[in-house]
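To start, the structure itself, in structure tokens.
Read-outs throughout are calculated quantities, based only on the coordinates presented, and are distinct from any laboratory measurement. Fair warning: this is a prediction, and the values are worked out from it, not measured in the lab. Note that we place each Cβ from the backbone using ideal geometry, even for glycine, and neighbour counts take in every protein chain shown.
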Amino acid sequence: MLQDVLHEFGPSFGVLSIPDPSTLESMPEKNRSLWLSTTSSVPSLLDASQSWRGGAPRVRELVMDTLQKIESSDSATAAHHSESQFCVNFQGEVDETVDPRVVISQLVDADHNKTAFLTGLRLSIVDDLGFRVPPDICRLFEPFSESNNQVNLTPKYSFVDLHIDYGADGLSIPVGDSRKIWLLWPPTSSNLRAMKTVDGQRGRLARLAPQLEGCVVVETTSAQAIHIPAASLHATFTLQGGFLVTRDFTTSNSLMAISTLLSNGLDENLPPEARTVCFEWFERCLDISITHRKISEAVSAWLRAETKLASWAYSQRAWRVSVRRVFCQPLYLNTFVFPLFFSTTTPSL
Ligand SMILES: [Fe+2]
């Protein structure tokens, strides 16, 4: 798979310098342990057909919906990126001055030197067809708080640099003839510290590839849905253009990953709206962990990021009230845990 990336994209992305990359099938036990000890699961592939209650959309339907979204997009909001507004990426950078219809033209005539792609499209057809996390995932864990359906339109040669999806677990499914190669790393402290050194900068994969641990390489076509575990680092290369449909969720095993993400300061360079999303995922995951009586895991995760969480609680009243409610759920926690975390670090309600 990496040879395919080299052939189509060249050597400048650093894939040759990745130490000991494996596939899901050939993953050594050492790397499996890194994944299982730091996040919800190892990445996995699932039957994509189970993800659509009403059957997968046709590419032409997604193209029509995308054109409609482009036509109705508000130029005022396009100039100020928001989580609810799609984003145009051109030659590796977000560029809202580029006509988004260029991306559709590149679906049928890819341009290696001026590749453009769209992220964050909210298309009604995805909701209408009942997009969901496939029930088969329950072999691994129960998905909670499923939300945030988005669509990316990525022509051939689209490269999405190394990033983390705000702490949520993710499900992604290519639609049509799309083919992608995913490089994923577990959110170990070492990997997240490295990620912090290039936070907000370009060329992240090329710069970090030699030093990250636990790389797994995965190929997806429209037959497979990929689970991206919470806070994992990942980059993608599109070998055959098309749409990618994504959905977020969390699990009762994801809390430590989100906590490690926050304790390493990887929320700090995000836009305010995205930063809020990180803390919302922490709160949801904390709620799920405590509801499932994973008390020691919840306490450990809180302590790992305590300074950061206390600071956020101090300035965000609504979040503070919600988290206090979560900690107060079990009566015995009201006495022993709640005062430790809140009464000395946050203002009274
Ligand atoms: Fe992502």
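At a 10 angstrom cut-off on C-beta neighbours, averaged per residue, how do the peptides 54-62, 32-40 rank from highest to lowest?
The peptides rank, most packed first, as 32-40, 54-62.
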Output ordering of 170-181, 223-234, 130-141, 3-14 (per-residue mean of other Cβ within 10 Å, highest first) is 223-234, 170-181, 130-141, 3-14
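How would you rank Ile125, Ile288, going from fewest to most other Cβ atoms within 10 Å of each one's own Cβ?
Ile125, Ile288
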Put in order of increasing Cβ neighbours within 10 Å, starting from the fewest, Tyr166, Tyr314, Tyr157 give Tyr314, Tyr157, Tyr166
The local net charge around Ser51, scoring Lys/Arg +1 and Asp/Glu -1 for residues other than Ser51 whose Cβ lies under 9 Å from its Cβ, equals +2
For Val102, the net charge from surrounding residues (Cβ-Cβ under 9 Å; K, R +1; D, E -1) works out to 0
Filtering the chain for DSSP H helices with an axial alpha carbon extent of at least 18 Å and a Kyte-Doolittle mean of at least -1.0 returns 59-72, 272-291
Taking alpha-carbon centroids only, segment 240-305 lies from segment 1-48 a number of Å equal to 22 Å
Relative contact order of the chain (C-alpha contacts under 8 Å, at least 6 apart) in percent is 22 percent
Here the net charge surrounding Ala223, from other residues whose Cβ is less than 14 Å away from its Cβ (Lys, Arg +1; Asp, Glu -1), is -2
